[in-house]
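Novice: Have a look at this one.
The values are calculated or read from the model by the stated rules, or taken from the named source; none is laboratory data. Remember, it's a predicted structure, so these values are computed and weren't measured experimentally. Don't worry about glycine lacking a Cβ; one is built from the backbone with ideal geometry, like all the others, and counts go over all protein chains shown. When the accessible area is computed, the model is the full protein with side chains, heavy atoms only, and any ligands, DNA or RNA have been set aside. Shrake-Rupley method; radii C 1.70, N 1.55, O 1.52, S 1.80 Å.
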Amino acid sequence: ADVIVTISHAIADDIGKHYAVPKHKLTVAYPGVGAQFGATGKSFAAPRPYFLYVGSLKRGKNVAGLVTAFAQFHKHGHREYDLYLVGSDLWLDPEVERAVKSHGVGEYVKRIGFATDEELSLYYRGAVAFVSPSVVEGFCLPAVEAMASGCPVITSDIPALKEIVGDAGIQISPLDTEGIA
């Protein structure tokens with residue numbers, strides 16, 4: 001093929017470096033989101049305000065770090081908030097459950113599991129903020145869905161997320177749990 005399509009400039013750069021593909025043969029094509037991800041419409045009616053994570057619970061997504069940061073947030077007196085983890089537990093990082101238990105936040109961390117796009121749109125519109133402290137990311141479609149849904153976004157300051165979110169969200173170091181908190 002003459003052109004390899006990638007989903008972010010950060011990934012295009014990686015492909016170019018690792019596989020010696022000339023830049024002129026790479027095209028970046030950002031995915032879009034469905035119409036249900038709009039800022040207007042119903043939102044999830046939660047008993048308490050909540051922060052939202054959407055994605056797999058694998059190690060590179062740093063969900064255990066998010067749980068640790070959330071526990072630190074709670075220690076600062078913000079016990080009226082929950083953390084909703086929406087997504088697949090395929091490739092589950094065992095550190096997620098260890099972090100929940102060791103920090104004693106099991107009452108506040110809600111594992112939702114898989115959600116349809118229609119359900120996700122409700123969660124985004126009801127959240128205080130979407131948080132993604134990934135250490136490895138190719139694009140992060142949930143960040144785009146959150147922004148389209150009018151949900152504030154907090155993401156890692158890694159290249160792919162800087163490119164996708166830019167100045168439209170708050171960017172944090174994914175390994176600084178106090179900063180995330």
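Novice: Round to a whole number: what % of the accessible area of the chain belongs to carbon and sulfur, probe 1.4 Å?
Specialist: Result for the chain: 56 percent of the exposed heavy-atom area is carbon or sulfur.
Novice: Separate question: Under a Cβ-only charge scheme (Lys and Arg +1, Asp and Glu -1), can you give me the dipole magnitude of region 50-133 about the Cα centre, in debye to the nearest 20? Don't skip to the end; give the middle numbers.
Specialist: Details: 10 positive and 10 negative charges, 63 e Å.
Computed charge dipole of region 50-133: roughly 300 debye.
Novice: I would also like to ask the following. Which FRET efficiency value, to the nearest 0.05, do you get for T27 and E107 by plugging their Cβ-Cβ distance into 1/(1 + (r/R0)^6) with R0 = 41 Å? Let's see the in-between values first.
Specialist: Values: r = 48 Å, r/R0 = 1.16.
Once rounded, the FRET efficiency stands at 0.30.
Novice: Further, regarding this structure: What shape does region 50-135 take by its C-alpha gyration tensor, where a ≥ b ≥ c are the square roots of the eigenvalues and a/c under 1.5 counts as rounded, a/b above b/c as prolate, and the rest as oblate?
Specialist: Numbers: a/c = 1.81, a/b = 1.14, b/c = 1.59.
In terms of gyration-tensor shape, oblate.
Novice: Rule-of-thumb check for region 118-181: C-alpha Rg over 2.2 N^0.38 Å? Mind dumping the intermediate values first?
Specialist: On the way: Rg = 11.2 Å, N = 64, 2.2 N^0.38 = 10.7 Å.
Working it through for region 118-181, the quotient is 1.04.
Novice: What FRET efficiency, computed as 1/(1 + (r/R0)^6) with R0 = 35 Å and r the Cβ-Cβ distance, is obtained for E178 and D117, rounded to the nearest 0.05? Display every interim value, and only then the final one.
Specialist: Numbers: r = 34 Å, r/R0 = 0.97.
Taking R0 as 35 Å, the efficiency between E178 and D117 is 0.55.
Novice: For the chain, state what percent of all Cα-Cα pairs lands in each successive 5 Å bin, counting from 0 Å until the bin that includes the largest distance.
Specialist: Here the calculated profile for the chain is 1, 8, 16, 19, 20, 15, 9, 5, 3, 2, 0, 0.
Novice: Quick check for me: using +1 on Lys/Arg Cβ and -1 on Asp/Glu Cβ, what's the dipole size of the chain about its Cα centre, in debye to the nearest 20? Mind dumping the intermediate values first?
Specialist: Working: 16 positive and 20 negative charges, 41 e Å.
So the dipole magnitude of the chain works out to roughly 200 debye.
Novice: Label points 7 Å out from Cα along the Cβ direction at Q171 and S56: separation in nm?
Specialist: It works out to 2.5 nm between the two label points.
Novice: Per the helix-only calculation at 222 nm, which mean residue ellipticity applies to the chain, given -39500 (n - 2.57) for every DSSP H run of n ≥ 4 and division by its residues, nearest 500 deg cm²/dmol?
Specialist: Numbers: 7 runs with 62 residues, N = 181.
Calculated from helices alone, the mean residue ellipticity at 222 nm is -9500 deg cm²/dmol.
Novice: Please give the contour-minus-distance gain from A20 to L92: 0.36 nm per residue of separation, less the Cα-Cα distance, rounded to one decimal in nm.
Specialist: On the way: separation 72, 0.36 × 72 = 25.92 nm, distance 3.29 nm.
Extra length available between A20 and L92 comes to 22.6 nm.
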